[in-house]
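Data block below; observations after.
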There are 2 protein chains.
Amino acid sequence: MSRRASVYPASDPPSAGVARAASLADVAKLAGVSAGTVSRSLYRPQMISGATRERVQDAVDRLGYLANGAARALTMRRTMTVGAVVPRFGSSSFPALVQSLETRMSAQGYTLLLSAPDQRGPNAASVLRALLERGVDAVALLGVEQPASVLNLLHAHAVPYVLMWAPPNAEGRCIGFDEPRASRLLVEHLHGLGHRNVAYIGAPGADSERARRRFNDLTRAMAACGMRLCNDGFIEIDHGFGEGFTAMRAILPHRAQYSAVICSSDYLAAGALAALDQAGIAVPGELSVASFNDNEFAAFVHPPLTTVRLPIRELGEQAANYLLAYLRDEPLAPPTALPVHLQIRASTGPTRPGATA
Amino acid sequence: MSRRASVYPASDPPSAGVARAASLADVAKLAGVSAGTVSRSLYRPQMISGATRERVQDAVDRLGYLANGAARALTMRRTMTVGAVVPRFGSSSFPALVQSLETRMSAQGYTLLLSAPDQRGPNAASVLRALLERGVDAVALLGVEQPASVLNLLHAHAVPYVLMWAPPNAEGRCIGFDEPRASRLLVEHLHGLGHRNVAYIGAPGADSERARRRFNDLTRAMAACGMRLCNDGFIEIDHGFGEGFTAMRAILPHRAQYSAVICSSDYLAAGALAALDQAGIAVPGELSVASFNDNEFAAFVHPPLTTVRLPIRELGEQAANYLLAYLRDEPLAPPTALPVHLQIRASTGPTRPGATA
DNA sequence: TTGTATGCGTTATCAA
DNA sequence: TTGATAACGCATACAA
C-alpha cells in the first residue's frame, strides 16, 4: 500500500479573509455566558433555561454564527457526510440513482460527497482515500468490481459501505436488482412470441462486470429454453442513443439470422428503434425489440417495445436505508435483490403512419 | 477479487470497533520521531532527511495511516471541498453539468459536496447552511433566482461562489450562455424559412426564472422580425420526454395557427417529434421543429431538427475555473456568456420511409 | 442550570 | 533537520 497521495497542495494559503468567522466563544462573549452553555443551548436546548437560551439565540443571530464542522467533527468523530463513488456518472441512469440516494440521506441530515472518477482502476483507491480523509461516515459505491485495494481500505478503516447495483455476495453489503430474473423475463417473453434466434446489443463486457453478468444471464436463460444468440448479431457498444442507432445499423445486414433484438438499456433500444424506423422495418411486425429499461423513455416514444424495468430510484433508497441503519447501529435488514417487472407496452398509435397509408 | 483479505469477519460491525484510527502520533511513535516530523515528512518532504522520510513512510504504510481531514481543516482553515447546489438534479442536462464540474475540481484535489434539494424541500438557505457548516471552500449554485437569504449567507461568510446558468449581473460571479443570442438564432432561422407564426413548448415560467427569460428572449426576437407567438400554441410543461409528447398533442388541434414549433429542450423536442411522427405529420415538410438543445440527442434520432447547442460541459468547466481562480487568489477573468451555435441537421435518411414508398 | 477544563488530530512557530 | 508546544473550535465530563 504505497501512499503519498496527498490531496492537499502544500502551497497557497486560503483566501486571505481578515475577519475570522464567529466562533462559539464569540457568541458566548456577546451573550455573556460560557462557550459550553452556547453549545448546549444550541444542541441540547432542554438543558438550558429559557432566558439564557434566548440571549444565546440572539447573539447567534446577530453574529450569523455557523458551527465549524471541522471542529465538531474532531470532537464528535462524525461528519454527517457520506461519500458516493459513481464512475461514468454523467451517463445513463446513474444521475437518477444519485438523486434518490441524496434525497434520502439529506432527509436525515447527511450531505453527499460525490466522486465521479472517469476511469476505473488503480485510481479507484485514491478516490476513496480522498473521501475517507474528508471523514465520510459511510460510503456508497457503484458497481461490483471493486479492486481489492478499495475493499481493503474500507475494511481497514472500518467504514460502513454499500455496493450499489451489485449482486448479493458473501459479505452482504450489496444491493442490486434481480438481474437473472430480468434476463429470464425478457427471454421467455420473446420465446413465447415464437422467437428462437436473437441479436443482442449491450455494453462492453471488458469494461464492466455488470455487462458480463448480464450477457451470461441472457445466454443462460436462452439456453434453458432452446434459444440461441446469433453470432453476427452480437454487438458490444457503449451506452447511448447514437450508439444504439449505430449498432442496429451494423447488425442489420445479418437480419436473416435473427427475428428479435435485445438491448441492454433503453437508450440503446431507442437508438436501435430509430435505426429500424429509418430502415423501414416494422416493429414488432418484422422484428421484435426488447430491452432492459432504467429510464422509462424508449418505451414511451416507441411503444411496441417490451422492457424489464429496473427500479433505479428504489435502489438509491435502499442503499441509503442500509447505510442509515448502519450509522444508527440498528440491526441490518439483509439486503435483497430488488424485484424487476416485465412491461409490455402496446402501441399508442401508428409508429410509421405513412406505411399504413 | 480476493475478499478474504479482510481482517474483519463479515458479521463484525465496524462501528463496534474500539480501536481508533491511527493518528499522526501513532505513526510518530512507531517511526521513533515526533508528530511534527511525520506531518512535514508527508507534506513537506523536502524539509526532511531521506532516512527519516523512509522510516516515516514505512510506519505510515504499516498502520494504514490516513490523515484526519477534520483536524487538518481546523488548523488549515480549508477543507479542499466545494459545495454544489443543483435543484432538480436528476432531470435534464444537470447531470452533465455536475459531471464536468466535478471532473475539473477533482483534478485540483477538490471534492464535491452535492446538494440536490427538490423544490419544496427545506428552503435554499438551510441547504446552503449545511454546506457552509461542513466547511466548503467555495460553492457553485445552479440558477439565477437565489433568494436574498442565500446571497446574504454567501456574503456574510465571505465564501467564494459562482452562479451557474445565470445571466451576467452587476455582481459578476455568474456564468451562463448567451441565451438572447440563442433565441435570436432560432427565430431568425425559422424566419429565413418563411415561418411567421410559431408555437412554443417550454418549461413553466412560474417555477423558473430561466424559463421566463427564455420566453422573453424568444418573444423579443420574434417581434424584431415581425413574427409572432401563436396564442393557442403556447404550452408550459415540465422538462421531459413524455411531456414533450403530451404537449405536442395538446397543441396539435390548433395547427392551423402555426407553421413551426420551438421547444425549450431537446427532451421536449424529441417527445414532440414523436407525437408528430405518430400523427403522420412530416417534419419539416408540413411543420418545422426547432429546439434549444443541451444533450444532443433529439437531433440524433430525428435529424430534421434545428437546434441551438448550449455548451453544458463548458459551463461546468468555466464554473470550476472561476472558483479555482478565486481559491488561488488569482485575478478573476470576468466571466462572459458562453457562445452558442446553430446546428442544422439534414436528414440522414427517410424519417418515415413508408411515406416515400 | 451553568462554568471550567480537557482532548480531538493536525499544522505552525519557535528553539535546539 | 528535528522536537516541543501552542493554537484551531467544539463537545463533554466534571464541578459548582
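Using a 10 Å cut-off on Cβ to Cβ distances, tally the other chain neighbours for every residue of A:149-160 and report the average as a whole number.
Working: counts 1, 1, 5, 5, 2, 3, 8, 10, 6, 11, 3, 3.
The per-residue average across the peptide is 5.
For chain B, what is the Kirkwood hydrodynamic radius in Å, using each pair of distinct C-alpha atoms? Could you put the intermediate results ahead of the total?
Working: mean 1/r = 0.0419 Å⁻¹.
Radius from the Kirkwood sum: 23.9 Å.
P(r) tail for region A:165-323, what percent of Cα pairs lie past 22 Å?
On the way: 4763 of 12561 pairs.
That tail contains 38 percent of the Cα-Cα pairs.
Where does the charge balance sit around A:ARG104 when Lys and Arg score +1, Asp and Glu -1, over other residues with C-beta under 13 Å from its C-beta?
Values: positive: A:ARG313; negative: A:GLU102, A:GLU314, A:GLU317, B:ASP118.
Residues close to A:ARG104 contribute a combined charge of -3.
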- Query: Projected onto the charge dipole of chain A (+1 at Lys/Arg Cβ, -1 at Asp/Glu Cβ, origin at the Cα centre), which of A:VAL98, A:SER183, A:ALA247 gives the Cα projection farthest towards the positive end?
  - Reply: A:VAL98
- Listed residues A:MET76, A:MET164, A:MET47, most fluctuating in chain A (Gaussian network, C-alpha, under 10 Å): A:MET47
- Leading residue at positive end of dipole, the protein assembly as shown (Cβ point charges), from A:VAL139, B:MET47, A:GLY226: B:MET47
- Message: I want the local charge near A:PHE292. Using Cβ-Cβ distances under 9 Å, sum +1 for each Lys or Arg and -1 for each Asp or Glu among the other residues.
- Response: -1
- Task: Kindly put B:LEU268, B:LEU276 in sequence by how many other C-beta atoms sit within 10 Å of each C-beta, fewest to most.
- Result: B:LEU276, B:LEU268
- Note on the structure: Listed by chain and number, the residues whose amide H is under 5 Å from that of A:SER291, excluding neighbours fewer than 5 places away on the same chain and using placed H, are A:CYS263, A:THR306, A:THR307, A:VAL308
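What is the percent of Cα-Cα separations in region A:24-67 that go past 17 Å?
On the way: 121 of 946 pairs.
I get 13 percent for the Cα pairs in region A:24-67 exceeding 17 Å.
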- A:ASP232's amide H: which non-local residues (gap 5+, or another chain) put their own amide H closer than 5 Å, with H modeled 1.01 Å from N in plane and none for Pro or chain starts? none
- Message: Need one number: % antiparallel among DSSP beta bridges in the protein assembly as shown, to the nearest 5.
- Response: 15
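Calculate the tail of P(r) for region A:43-103: the fraction of all Cα-Cα distances greater than 18 Å, expressed in %. Provide the component values of the computation, followed by the final result.
Details: 1152 of 1830 pairs.
Here the tail beyond 18 Å accounts for 63 percent of pairs.
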- Step through the residues of region A:72-82 one at a time and calculate ³J(HN,Hα) from phi using the Karplus curve (6.51 cos²θ - 1.76 cosθ + 1.60, θ = phi - 60°), rounding each to whole Hz and writing x for Gly and Pro. 5, 4, 5, 7, 7, 6, 6, 10, 6, 9, 10
- Long-range amide H contacts for B:TYR161: which residues qualify at under 5 Å (H placed 1.01 Å from N, peptide plane, sequence gap of 5 or more or a different chain)? B:VAL139
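If you put +1 on each Lys and Arg Cβ and -1 on each Asp and Glu Cβ, how big is the dipole of region A:15-140 around its Cα centre, in Debye rounded to 20? Don't skip to the end; give the middle numbers.
Details: 15 positive and 8 negative charges, 55 e Å.
Result for region A:15-140 is approximately 260 debye, rounded to the nearest 20.
Quick one: Kirkwood hydrodynamic radius for the protein assembly as shown, alpha-carbon pairs, angstrom, one decimal?
On the way: mean 1/r = 0.0358 Å⁻¹.
Radius from the Kirkwood sum: 27.9 Å.
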- Burial-style ranking of A:127-136, A:50-59, average other-beta-carbon count within 10 Å with highest first, yields A:127-136, A:50-59
- Message: Using the Karplus curve 6.51 cos²θ - 1.76 cosθ + 1.60 with θ = phi - 60°, what ³J(HN,Hα) values do you get for each residue of region A:212-219, in whole Hz, with x for Gly and Pro?
- Response: 4, 4, 5, 4, 4, 4, 5, 4
- Message: Can you compute 3J(HN,Hα) from phi for each residue in region B:28-41, using the Karplus curve 6.51 cos²θ - 1.76 cosθ + 1.60 with θ = phi - 60°, rounded to whole Hz and x for Gly and Pro?
- Response: 4, 4, 4, 8, x, 10, 8, 4, x, 5, 4, 4, 5, 4
- Message: Calculate log10 I(q)/I(0) of region A:96-211 for q = 0.14, 0.17, 0.23 Å⁻¹, where I(q) comes from the Debye formula with a single equal point scatterer on each Cα and nothing for solvent.
- Response: -0.72, -0.95, -1.47
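Throughout, read-outs are computed from the coordinates displayed, never taken from laboratory work. Since this is a predicted model, take the numbers as computed values, not measurements. Cβ coordinates were reconstructed from backbone atoms using ideal geometry, including for glycine residues, and neighbour counts include every protein chain displayed.
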